[in-house]
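The structure appears below as structure tokens.
The values are calculated or read from the model by the stated rules, or taken from the named source; none is laboratory data. Predicted model only: the values in this text are computed from it and were never measured. Quick reminder, even Gly has a Cβ in these numbers, built from the backbone with ideal geometry, and neighbours come from all protein chains shown. When the accessible area is computed, the model is the full protein with side chains, heavy atoms only, and any ligands, DNA or RNA have been set aside. Shrake-Rupley method; radii C 1.70, N 1.55, O 1.52, S 1.80 Å.
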Amino acid sequence: MSCCPPSRCGLAPPSDYKAQGKEMKLGDLSCYEIGEAKKGAVIVIADIFGVASGRHKGICDELAEKGYYVIMPDLYHGDKCEFADLGTEKLPAFLKKWKTEAWQPDMDIVYKHLEEKKLAPKSI
């Protein structure tokens, strides 16, 4: 199954794509990280479909190739929506559960991690 509806461009990685980064933990927070900070740091935030869907890791890998240290925290702690959830009561329930306030403590952990590495995220 494609990651996207037929009316949208496909965002799935090539079937033979292998993520270049590594999974790591910041306390209980699962993260994907890659790269060296030649140009700075980037925090990638996954959409409602979760960190393992689409091209999230590929995007992280591409940014790392351009000289950035990249970290993608799993702010939904494994929770995610499926395409079948769109237009159902599951989507508003997911959005209500994962308001900014719900994942702000995890972002504080990510920022602390970057501070310890003496990095500041770039706005791109």
Check your understanding: In the neighborhood of K80, defined by Cβ-to-Cβ distances under 11 Å, what is the net charge if each Lys or Arg adds +1 and each Asp or Glu adds -1?
Key -> -4
Review point. Where does the range 23-124 land on Rg/Rh, using Cα atoms and the Kirkwood Rh?
Key: 1.00
Review point. How big is the charge dipole of the range 78-118 about its Cα centre, in debye rounded to the nearest 20, if each Lys and Arg gets +1 on its Cβ and each Asp and Glu gets -1 on its Cβ?
Key: 80
Review point. Highest mean first, what order results for 87-100, 49-62 on Cβ atoms within 10 Å?
Key: 49-62, 87-100
Review point. With charges only on Cβ, +1 for K and R and -1 for D and E, what is the dipole size of the range 54-124 about its Cα centre, in debye, rounded to 20?
Key: 140
**Study point:** Share of carbon and sulfur in the accessible heavy-atom surface of the range 78-124 [1.4 Å probe, %]
**Key:** 55
Exercise for review: Find out how many positive minus negative residues lie around S30, taking Lys and Arg as positive, Asp and Glu as negative, among other residues whose Cβ is under 11 Å from that of S30.
Suggested key: -4
Practice item. Could you tell me whether the range 63-106 comes out rounded, prolate or oblate from its Cα gyration tensor? Rule is a ≥ b ≥ c as square roots of the eigenvalues, rounded for a/c under 1.5, then prolate if a/b exceeds b/c, otherwise oblate. Key: oblate
